[in-house]
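Here is the structure we will look at, set down as structure tokens.
Values quoted throughout were computed directly from the atomic coordinates according to the rules given, and no laboratory measurement underlies them. As the structure is a prediction and not an experimental result, all values here were calculated from the model. Note: ideal-geometry Cβ built from the backbone for every residue, glycine included; neighbour counts use all protein chains shown.
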């Protein structure tokens with residue numbers, strides 16, 4: 001009889017441990033390269049969730065960035081992911097996603113902005129994008145988000161990027177070098193505020209940033225709705241003594257619609273209540289603000305929406 005009871009007890013203990021193991025929730029976070037901002041911030045998010053949410057098992061996966069992250073979400077290989085403005089085209093089935101809209105995408109949190117930072121060479125006489133006709137202009141690397149944005153902005157300014165300017169496909173650091181060497185007159189630079197490339201140009205005094213006019217920002221928003229007005233704070237760069245109005249797209253934490261509502265609520269709440277942990281990893285995360293939730297251009301996940309309503313960020 002005693003032996004029989006020991007067997008029953010063993011079976012019960014095994015069942016309890018099995019149930020506990022089965023209760024764990026595994027979350028894979030699609031981020032970016034290990035040398036960028038997405039990956040370390042994603043790792044910090046995983047640490048927060050694992051610490052705060054019972055039975056959470058979150059992990060950060062290094063990826064090629066937004067394009068791959070969208071694919072991971074679609075294939076069920078990631079539950080949440082970092083995305084830039086490309087998510088708007090994916091959700092709505094536009095451009096490369098034509099005929100295959102990804103309607104399962106849901107917004108969770110606005111992370112930090114990447115403003116259009118339009119840099120002009122000192123002594124160029126350029127005071128507006130509208131002054132660029134005939135000029136040498138860095139428009140971003142081939143097929144990059146910067147090139148796509150630069151071309152759209154030039155067009156709404158009445159400038160044909162293929163015939164009105166001498167366009168040069170340059171990456172961020174290449175644009176900075178070209179300005180320093182006086183090989184271009186202006187350049188579009190898509191980067192977080194305080195990027196080393198921009199700091200270098202403004203510090204050595206070979207270029208400075210100029211604001212975007214209200215009509216250009218409004219026209220760009222119609223063309224690329226994930227862009228909205230943004231102000232670069234005064235003092236962000238050497239010689240920039242006044243706030244600078246530009247347009248920015250926000251990096252966004254995106255989830256699959258099938259992710260449990262209560263779980264996403266807990267995840268969203270944990271991020272905002274432990275924001276300093278994220279800021280400690282990347283200063284840009286200081287911009288993460290529930291008040292900025294309206295910059296997300298796809299439907300919110302119900303769990304995230306519940307949190308924002310609870311704190312009064314949305315009605």
On each of the three principal axes the extent of the alpha-carbon atoms of segment 52-106, given in whole Å and largest first, is 40, 21, 18
Computed from the beta carbon distance with a Förster radius of 51 Å, FRET efficiency for residue 166 and residue 275 to the nearest 0.05 stands at 0.70
Simple spin-label estimate for residue 142/residue 62, 7 Å along Cα→Cβ, in nm, reads 2.6
Expressed in angstrom and ordered largest first, the alpha-carbon extents of segment 18-158 along the principal axes are 70, 37, 21
FRET efficiency for residue 286 and residue 74 from the Cβ-Cβ distance with R0 = 30 Å, rounded to 0.05, comes out at 0.45
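Among 179-187, 281-289, how do they line up by average Cβ neighbours within 10 Å per residue, starting with the highest?
On the way: 179-187: 20.7, 281-289: 17.4.
Order by mean packing, descending: 179-187, 281-289.
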Expected unfolding gain across residue 127-residue 245 under the 0.36 nm per residue rule, minus the alpha-carbon gap, is 41.1 nm
Rounded to the nearest 10 degrees, the helix 2-22 long axis (Cα) sits at an angle to the longest Cα principal axis of the chain of 10
Under the helix-only model (-39500 (n - 2.57) for each DSSP H run of 4 or more, divided by the residues of the chain), the mean residue ellipticity at 222 nm, to 500 deg cm²/dmol, is -12000 deg cm²/dmol
note: segment 166-315, Cα-Cα separations exceeding 19 Å make up a percent value of 64
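Checking a compactness column here: for the chain, what do you get for Rg(Cα) / (2.2 N^0.38 Å), N being the number of residues?
1.18
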Note to self: C-alpha centroids of segment 241-266 and segment 98-162 sit apart, in Å, by 20
One point scatterer per Cα, no solvent, Debye formula: log10 I(q)/I(0) for segment 114-249 at q = 0.11 Å⁻¹ comes out as -0.32
Percent antiparallel among DSSP beta bridges confined to segment 114-249, rounded to 5, stands at 75
If each part is reduced to its alpha-carbon centroid, segment 298-315 and segment 201-216 end up apart, in Å, by 36
Counting every C-alpha pair in segment 140-219, the percent lying more than 21 Å apart is 28
